[in-house]
Amino acid sequence: MKEKAPVRIEMQFQYLISKPPFDKDEIRIDFLNRLNQISGVNIIEEKIDKRPSFKMELLENDDNLKIFFQANEWAIEQIKQYHNKNS
C-alpha cells in the first residue's frame, strides 16, 4: 500500500506582498519569526516572498497549535491597526 504524503500548511507570503501592512519586508519577517517559534518549523527569511510550508502534524502538539493561532491573531491585529490608521 502506498504511503500518503504528509498534509502541509502553506503560508501565503507571496500574496501578502501586495497587501499592506504586509507589503513591508519587516512585517512579513516578524510574522515568519512568530511561526518559527513552532517546534519543527524553520522557514528561512528568503521565503518571505514565496509560499513556504510545514507539516500539519506539527500542530497536533497543543503548544505548537497555540503558537500558530497566536501568530495568526497577531497578523490579523496588524491588518486591523493598519486599516484603523488609514481610514
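The values are calculated or read from the model by the stated rules, or taken from the named source; none is laboratory data. In this text the structure is predicted, and so the values were computed from the model without any measurement. All Cβ positions, even for glycine, are placed from backbone atoms using ideal geometry, and neighbour counts span all protein chains on display.
Scoring ASP30 on the criteria (1) within 20 Å of ALA5 (Cβ to Cβ); (2) out of contact with any strand residue (DSSP E or B) (no Cβ under 6 Å at 6 or more places or on another chain) leaves a single failure, condition (1). Within the stretch 16-44, the set of residues being in a helix (DSSP H, G or I), of a type outside the set (Val, Ile, Thr) and within 12 Å of the chain's Cα centre (by Cα) comprises LEU16, ARG28, ASP30, PHE31, LEU32, ASN33, ARG34, LEU35. Suppose we keep only residues that are outside any helix (DSSP H, G or I) and in contact with a helix residue (DSSP H, G or I) (Cβ under 7 Å, 6 or more places away or on another chain) within the stretch 1-15. Which one would you say is modelled with the lowest pLDDT? The qualifying residue modelled with the lowest pLDDT is PRO6. The residue that is farthest from GLU10 (Cα to Cα), counting only those in the stretch 62-85 that are among the polar types (S, T, N, Q) and either in contact (Cβ under 8 Å) with a residue 12 or more places away in the chain or surrounded by 11 or more Cβ atoms within 10 Å (Cβ to Cβ) (or both), is GLN81.
Of all residues in the stretch 48-60, those being surrounded by 14 or more Cβ atoms within 10 Å (Cβ to Cβ) and assigned to a loop (DSSP other than H, G, I, E, B) number 3.
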